[in-house]
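Notes follow once the structure below has been shown.
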Amino acid sequence: MNENTQFPVVPAAFRGESREVDPGACFLWLQAGWAMFIANPGAWIGASLLLLVMLFAMGVVPVFGQIAINVLLPVFAAGLVLMCKRQHEGSQAEITDVFGGFRHNAGPLVMVGVFYVAGIFGVAFVGTLLVSTGILGGAITGSVAGFAIVFSSFMLAGVIVFLLSIPVIMAIWFAPFLVFLHDMAPLPAMKASFAAGARNWVAMLVFGLILIVALFFALLPLMLGLVLFLPIFSGAAYASYRDIFVDV
C-alpha cells in the first residue's frame, strides 16, 4: 500500500463518461419502463397526477408560469429519477418522491433549467428574426414573389429552429440524472449529456420519435394518457441512463 495514501479514501468524482450502445437498445429501455410502472402502478399514477396538477396550476399564470415550468423541469425530472432509483435498488417508490429534486441539489437543477430556457429563447429569437426578415422582404417585394419570400422564410425558420433545438435537448436530456445522482455541476452535466446523445444519436433518434408519437396519443383523450406516459418514459429514460453511462 502506498505510504502517501490518506484515509478515508475519497472516491473519484463521477465524470459522466458514456459508451455507445446498440440502436435497438431503445426498445429494451421501453420494456424496462413498462416493467417499472407495472411493479408499482399506484405510486406512479399518484405521482404523475400530482405532478400534472402542479404543472397545470403553474401554467395558468401567463408567461411567467410557462417560464417557471421550464426552469423547474429538471427539478421535477429529478423526482421521477428518484422513484426509478428506489425501484431499481429494490425499495418501494412513494408519491412524495416526486419532490426529491427540491430536497437534493435543487440549486444546480434549477441552473440546468435556466440554461435550458436560455437555449430555447435563443433558438426562438433566431426563428423570429428569420421570419421577421422574410415578412419585411415580402412586404417590400409585394405580389406573388413577396408571398413566396414570406412562405420560404417560415419554412427556413422552421427547419433552422428544429435543428438548433436538437443540441439544446441533447444537453438537457441526461443532465438531471447526472446532477441529482452524481452531484455534477450543471455545465459539466449538460456537456456530458450532449456527448452521450451524440455518441448514441441513432438510438436516441429512434427513442425520440417513439416518444413524440406516444406523446401525441397521450394528449388526445383530454391528456389523460399522460398518467401512463410519464411513468413509462421516466422508467425508459432511467434505463437509457443506466445503459449509456459508465460506472453507474
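The values are calculated or read from the model by the stated rules, or taken from the named source; none is laboratory data. The model shown is predicted, which means the values in this text are computed figures rather than measured ones. Positions of Cβ are generated from backbone atoms using ideal geometry, with glycine treated the same way; all protein chains shown enter the neighbour counts.
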Exercise for review: Scan region 115-139 for residues that are at pLDDT 75 or above and surrounded by 15 or more Cβ atoms within 10 Å (Cβ to Cβ) and jot them down.
Suggested key: Phe115, Tyr116, Val117, Gly119, Ile120, Val123
Practice item. Kindly indicate whether any position in region 207-215 is out of contact with any strand residue (DSSP E or B) (no Cβ under 9 Å at 6 or more places or on another chain), under 23 Å from Ala106 (Cβ atoms), of a type outside the set (Lys, Arg) and buried (at least 20 other Cβ atoms within 10 Å of the Cβ). Key: no
Review point. Which ones in region 35-72 are over 20 Å from Gly119 (Cα atoms) and β-branched (Val, Ile, Thr)?
Key: Ile38, Ile45, Val53, Val60, Val61
Review point. For region 2-121, list the helices (runs of 4 or more DSSP H) that sit wholly inside it and hold at least 1 residues that are closer than 21 Å to Gly225 by Cα and more than 19 Å from the chain's Cα centre (by Cα); which are they?
Key: 25-39, 41-59
Point to revise | Top-ranked residue in region 226-248 [being within 21 Å of Pro167 (Cβ to Cβ) and in contact with a strand residue (DSSP E or B) (Cβ under 9 Å, 6 or more places away or on another chain); ranked as surrounded by the fewest Cβ atoms within 10 Å (Cβ to Cβ)] | key: Phe245
**Study point:** Top-ranked residue of region 178-191 - restricted to ones that are touching a Pro at 6+ places or on another chain (Cβ under 9 Å) and part of a helix (DSSP H, G or I), ranked as nearest to Trp44 (Cα to Cα)
**Key:** Phe180
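Yes/no per residue for (1) at pLDDT 95 or above; (2) of a type outside the set (Gly, Ala, Ser); (3) assigned to a helix (DSSP H, G or I); (4) in contact with a Leu (Cβ under 6 Å, 6 or more places away or on another chain):
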residue: Met170; (1), (2), (3), (4): no, yes, yes, no
residue: Ser193; (1), (2), (3), (4): yes, no, yes, no
residue: Val206; (1), (2), (3), (4): no, yes, yes, no
residue: Ala218; (1), (2), (3), (4): no, no, yes, yes
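Let's see how each residue does on (1) in contact (Cβ under 8 Å) with a residue 60 or more places away in the chain; (2) among the hydrophobic types (A, V, I, L, M, F, W, C); (3) exposed (fewer than 14 other Cβ atoms within 10 Å of the Cβ):
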| site | (1), (2), (3) |
| --- | --- |
| Val159 | no, yes, yes |
| Val168 | no, yes, no |
| Ala175 | yes, yes, no |
| Phe180 | yes, yes, no |
| Pro186 | yes, no, no |
| Ala196 | yes, yes, no |
| Leu224 | no, yes, yes |
Practice item. Consider only pairs whose beta carbons are under 9 Å apart and that are at least six residues apart or on different chains; among these, list those whose first residue lies in region 22-37 and is at negative phi and in contact (Cβ under 8 Å) with a residue 60 or more places away in the chain and whose second residue is in a loop (DSSP other than H, G, I, E, B) and loosely packed, with under 15 Cβ neighbours inside 10 Å. Key: Leu28/Asp22
